[in-house]
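Heads up: the structure comes next, in structure tokens.
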Amino acid sequence: MSTRIDRRFEKLKAEGRPALVTYFMGGDPDYDTSLAIMKALPKAGSDVIELGMPFSDPMADGPAIQAAGLRALKGGQTLKKTLQMARDFRAAGDNDTPVVLMGYYNPIYIYGVDRFLADAMEAGIDGLIVVDLPPEMDEELCIPALKAGVNFIRLATPTTDDHRLPKVLQNTSGFVYYVSMTGITGSALADTDKVAAAVTRIKDHTDLPVCVGFGVKTAEQARVIGASADGVVVGTAIVNAIANVIGPKGEMTANTAEAVATLVNGLSQGVRSSRLAVAR
């Protein structure tokens, strides 16, 4: 069964360019602002949206995304509201942009897997990235998600060797998310030559698109990574753009959606120029 994610990557492959995958935290700094950001992303050049599910103990996230999650939780964001955000996004008229929920298993477990998957499908969710569920726990969520028609996107890292990689890829669908360094989100970008070699190695094991994230902050970095990857993932830079327009008392000092759109537009130009530069 073809999903929005499959169709988007097929379309981009035909265009000869990588995807720009944008992450933001659902409910940061509040529901209405966050929904406005989500609606602005496709127009600014985002090809795939990763919608963060706030969680109190985000072990893979750096300070910026941790702070975003805490702001969202303080503002009353819940998993139910995050699903509603996707629903509202679809209701506004976008039925093409893939939406991937990204986060941790605990909120889904508490919500109930069957209920969660049914509600996610109804809300227009296309994929899941659950960073703390290894392949050995596929029966928990991965297999039920695939049966429900939701892509389950797995992370590969620099420490995922050729012995481990087939296990990681076994039930992966949609795309593979290559974490370009060992560490937390927002760290420095890894050596681009090593990233390119890693992408090539992963592609020896799968026909799925490979997207690279963790550390991409500028249009130039997006251009360089996009020359070897099928997609470039940007998260911390977007979360920082939101934080930068929040005043000391929580007031907005500028239009948050506009600030994010400006950043994403620049990143999009970098991504869109990467294969064009190679083609010349």
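Looking only at the stretch 104-113, decide whether some residue is in contact with a strand residue (DSSP E or B) (Cβ under 8 Å, 6 or more places away or on another chain) and closer than 14 Å to Phe24 by Cα. No: zero hits.
The residues on offer are Ala227, Ala254, and the sole one that is within 17 Å of Ala44 (Cβ to Cβ) and open to solvent by 20 Å² or more (accessible area, probe 1.4 Å) is Ala254. Looking across the stretch 133-147, just one residue is open to solvent by 40 Å² or more (accessible area, probe 1.4 Å), within 26 Å of Arg8 (Cβ to Cβ) and in contact (Cβ under 8 Å) with a residue 24 or more places away in the chain, and that is Leu146. With respect to Ser228, determine if the residue is polar (S, T, N, Q), in contact with a Lys or Arg (Cβ under 8 Å, 6 or more places away or on another chain) and farther than 27 Å from Ala72 by Cβ. Spelling it out, it is not the case that Ser228 is polar (S, T, N, Q), in contact with a Lys or Arg (Cβ under 8 Å, 6 or more places away or on another chain) and farther than 27 Å from Ala72 by Cβ.
Checking each residue in the stretch 121-161 for being in contact with a strand residue (DSSP E or B) (Cβ under 7 Å, 6 or more places away or on another chain) and outside any strand (DSSP E or B) picks out Gly124, Ile125, Asp126, Val131, Leu141, Cys142, Ala145, Leu146, Val150, Ile153, Arg154, Thr157. Gly103: modelled with pLDDT of 95 or more and crowded, with 19+ Cβ neighbours inside 10 Å, yes or no? The answer is yes for Gly103.
Filtered by the rule that a residue be closer than 24 Å to Asp6 by Cα, open to solvent by 30 Å² or more (accessible area, probe 1.4 Å) and of a type outside the set (A, V, I, L, M), the stretch 106-131 gives Asp114, Asp119, Glu122. Listed by first and then second residue, the pairs linking a residue in the stretch 194-223 that is without any contact (Cβ under 8 Å) to a residue 60 or more places away in the chain and within 19 Å of Ile153 (Cβ to Cβ) to a residue that is open to solvent by 60 Å² or more (accessible area, probe 1.4 Å) and assigned to a helix (DSSP H, G or I), with Cβ atoms under 8 Å apart and 6 or more places separating them unless they lie on different chains, are His205/Pro166; Val210/Lys203.
Of the candidates Pro29, Pro54, the single residue that is open to solvent by less than 40 Å² (accessible area, probe 1.4 Å), more than 21 Å from Ile225 (Cβ to Cβ), over 15 Å from the mean Cα position of the chain (by Cα) and not β-branched (Val, Ile, Thr) is Pro29.
Among the residues of the stretch 85-100, which ones are farther than 21 Å from Ser173 by Cα and crowded, with 18+ Cβ neighbours inside 10 Å? Listed by number, the residues that qualify are Met85, Phe89.
The criterion of at least 3 residues that are hydroxyl-bearing (Ser, Thr, Tyr) is met, among helices (runs of 4 or more DSSP H) falling completely within the stretch 8-120, by 31-44, 105-111. State which residue is modelled with the lowest pLDDT when the search covers only the stretch 1-15 and only residues that are under 19 Å from Gly124 (Cα atoms) and open to solvent by 90 Å² or more (accessible area, probe 1.4 Å). Going through the qualifying residues, I end up with Met1. Pairs are defined by a Cβ separation below 8 Å, a sequence spacing of at least 6 or placement on different chains, a first member in the stretch 240-268 that is on the phi > 0 side of the Ramachandran plot, and a second member that is among the charged types (D, E, K, R) and in a helix (DSSP H, G or I); no pair meets this definition.
Here Thr172, Thr206, Thr159 are screened, and the one residue that is open to solvent by 50 Å² or more (accessible area, probe 1.4 Å) and either in contact with a Phe, Trp or Tyr (Cβ under 9 Å, 6 or more places away or on another chain) or β-branched (Val, Ile, Thr) (or both) is Thr159. Within the stretch 36-45, the set of residues being open to solvent by 20 Å² or more (accessible area, probe 1.4 Å) and closer than 23 Å to Pro63 by Cα is empty. If the condition is being among the small types (Gly, Ala, Ser), at pLDDT 95 or above and under 20 Å from Val21 (Cα atoms), then the stretch 46-75 contributes Ser46, Gly52, Ala68, Gly69.
The values are calculated or read from the model by the stated rules, or taken from the named source; none is laboratory data. In this text, all values refer to a predicted model and were calculated from it rather than measured experimentally. Neighbour counts run over all protein chains shown; Cβ positions are idealised from the backbone, glycine included. Please note that ligands, DNA and RNA were not included when accessible areas were found on the heavy atoms of the full protein model with its side chains. Shrake-Rupley method; radii C 1.70, N 1.55, O 1.52, S 1.80 Å.
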